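To start, the structure itself, in structure tokens.
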Amino acid sequence: SGYPDRLSNEEIDILAQVIGIADVYEAMSHPRSWRSAFHPHKAIKHLIDKEGKGFNSKIVKSMIEVLSIYPPGSIVALSTGEIASVVMANKGSLTRPVVSVLLDPDFAPVQQRFLDLAEHPLTSIDRIVEDAELAERNPKFAAKRELARWWVEW
């Protein structure tokens, strides 16, 4: 925001703008004591909504090119009904990342397998899967996922 000197737009160093946008994404996509984490996809959508209205358009577009529309860590439902975690973005294909299939259509665990959606044109992402749905459909899996977010090995 240009604090404390009330700088705006190009007056703010480009690297400071990059850090600012990355900080907003990080803050939104991780839980805080007063709120749950936003789904990474929704955090990216927020950045897109703010593009040109406080966030430098070029920096937002560059960040989206790196993270894609479905950033790593996003839980998504595939057109096959399976539930997967986004592992890696595919450069040049914002909607077809590499995913790790973790659950079947009934949210039961399956043998993990990786799937590059850029190489499988008949399989696509249908929607994001919110943490609440995951907790309702498979509480044990959701709890393990939540613990993994907070646990840091020192």
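Annotations for the structure displayed:
- Loop-exposed trypsin sites (Lys or Arg not before Pro) per DSSP, neighbour cap 11 Cβ within 10 angstrom, longest uninterrupted part of the chain: 92-154
- Measuring nothing but protein heavy atoms, the accessible surface of the chain at 1.4 Å probe radius is 58 percent carbon and sulfur.
- Remark: the residue 91-residue 57 segment gains 10.4 nm on full extension, using 0.36 nm per residue and subtracting the alpha carbon distance.
- Lys, Arg +1 and Asp, Glu -1 on Cβ, resulting dipole of the chain about Cα centre, debye, nearest 20: 120 debye
- For the range 14-31, Karplus couplings with θ = phi - 60° (6.51, -1.76, 1.60), whole Hz, Gly/Pro x: 4, 5, 5, 5, 4, 4, x, 5, 4, 5, 4, 4, 4, 4, 6, 8, 10, x
- Distance between the modelled labels on residue 80 and residue 122, one decimal in nanometres: 1.1 nm (7 Å Cα→Cβ projection).
- Straight-distance candidates among the lysines for linking to residue 53, with alpha-carbon spacing under 16 Å and chain neighbours fewer than 8 residues away dropped: 45, 61.
- In this Cβ point-charge picture (+1 for Lys and Arg, -1 for Asp and Glu), the range 57-106 has a dipole of about 440 debye about its Cα centre.
- Remark: the range 88-154 carries 72 Å² of accessible area per residue (probe radius 1.4 Å; ligands, DNA and RNA excluded).
- Ellipsoid fit via the Cα gyration tensor, the range 21-85: semi-axes of 22, 16, 9 Å, each the root of five times an eigenvalue, largest first.
- Remark: spin-label model distance residue 146-residue 16 equals 3.9 nm, labels positioned 7 Å along the Cα→Cβ axis.
- With contacts taken as Cα pairs under 8 Å and at least 6 residues apart, the chain reaches a relative contact order of 15 percent.
- 222 nm mean residue ellipticity, helices alone, for the chain (DSSP H n ≥ 4; -39,500 (n - 2.57); rounded to 500): -11500 deg cm²/dmol
The values are calculated or read from the model by the stated rules, or taken from the named source; none is laboratory data. Keep in mind it's a predicted model, so treat the numbers as computed, not measured. When we count neighbours, we look across all protein chains shown, and the Cβ atoms used for this are built from the backbone with ideal geometry, even at glycine. With ligands, DNA and RNA removed, areas are computed over all heavy atoms of the protein, side chains included. Shrake-Rupley method; radii C 1.70, N 1.55, O 1.52, S 1.80 Å.
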